[in-house]
1. Could you check N75 against (1) under 27 Å from F130 (Cα atoms); (2) at pLDDT 90 or above; (3) loosely packed, with under 13 Cβ neighbours inside 10 Å and say which number it fails?
2. Which of the following residues is out of contact with any Ser or Thr (no Cβ under 7 Å at 6 or more places or on another chain), surrounded by fewer than 18 Cβ atoms within 10 Å (Cβ to Cβ) and farther than 16 Å from V110 by Cα: M88, M4?
3. Which of the following residues is closer than 19 Å to A17 by Cβ and crowded, with 20+ Cβ neighbours inside 10 Å: L51, L119, L32, L111?
4. Looking only at residues in region 141-175 that are over 18 Å from the mean Cα position of the chain (by Cα), assigned to a helix (DSSP H, G or I) and buried (at least 17 other Cβ atoms within 10 Å of the Cβ), which one is modelled with the lowest pLDDT?
5. Could you grab me the full set of residues in region 24-68 that are over 23 Å from T122 (Cα atoms) and among the acidic types (D, E)?
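The values are calculated or read from the model by the stated rules, or taken from the named source; none is laboratory data. Because the structure is predicted, anything quoted here is derived from the model rather than measured. Virtual Cβ from ideal backbone geometry, glycine too; neighbours counted across all protein chains shown.
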Amino acid sequence: MTAMYKIYIVEDDKGIADGIKSCLSAWEMEVLEVSDFRNVLGEINEFEPHLIIMDITLPYMGGYHWCQEIRKTSNVPIIFISSATDNMNIVMAMNMGADDYIPKPFDQSVLIAKVQAILRRTYSFNLSSFTLKAKGAILNTNDNSLTYNGNKIELARNEYKILLTLMQNKNKVVSREKLMEALWETDSFVDENTLTVNVGRLRKTLESAGLKDFIKTKFGVGYILEDEE
């Protein structure tokens with residue numbers, strides 16, 4: 001399948017760049033990491049990305065320099081990521097022509113949400129669904145539904161959030177704490193029993209659609225959605 005969007009990453013921390021690439025690739029995006037920090041503009045012109053994710057502090061020339069150079073010829077969306085979280089840097093980034101600014105460290109789900117929002121807004125002429133796939137099931141983020149064997153399954157709000165988090169992290173154990181944060185978007189205490197009830201409801205919904213044992217429990221740790229690639 002041809003990737004829907006192309007994303008170019010300009011980040012000198014290999015671990016961070018690889019993590020972003022893995023996250024975006026899970027959404028069937030084509031991702032290219034910078035290979036020559038002296039030739040960022042040349043790589044952009046050759047790759048023709050739909051969106052650029054760029055750090056501010058880079059070898060040779062900083063992110064602000066490259067943003068200015070890009071803006072001379074292109075309006076491609078740019079998201080700055082940086083450990084510099086002061087207001088001056090944020091304002092400067094936006095004035096340089098950036099479309100968004102994400103301070104480090106950041107949750108990958110936040111990055112994905114911002115990337116998708118900008119892509120939808122920028123390329124509305126080609127508004128397509130962002131989907132995740134596992135075990136033959138397809139999760140559609142446009143209408144929060146799941147499709148399996150040609151049948152569309154409507155998901156309740158919490159069911160969708162749990163399944164989205166698990167599919168974003170398929171083949172990895174997702175802790176109960178991370179799921180609770182995804183559900184209620186807070187670090188404050190939430191009764192773990194409530195999470196158990198919500199996972200139970202999701203399992204019943206999946207089983208009724210023919211997806212038995214879609215989610216496995218890792219006792220004392222969390223849950224995992226295993227999918228052989």
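1. Of (1) under 27 Å from F130 (Cα atoms); (2) at pLDDT 90 or above; (3) loosely packed, with under 13 Cβ neighbours inside 10 Å, only one is false for N75: (2).
2. Working: M4 fails: out of contact with any Ser or Thr (no Cβ under 7 Å at 6 or more places or on another chain).
Result of the check over M88, M4: M88.
3. L51
4. N158
5. D36
Table: residues versus (1) out of contact with any helix residue (DSSP H, G or I) (no Cβ under 6 Å at 6 or more places or on another chain); (2) part of a loop (DSSP other than H, G, I, E, B); (3) closer than 23 Å to K133 by Cβ; (4) not hydroxyl-bearing (S, T, Y).
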site: M4; (1), (2), (3), (4): yes, yes, yes, yes
site: C23; (1), (2), (3), (4): no, no, yes, yes
site: V31; (1), (2), (3), (4): no, no, yes, yes
site: E46; (1), (2), (3), (4): yes, no, no, yes
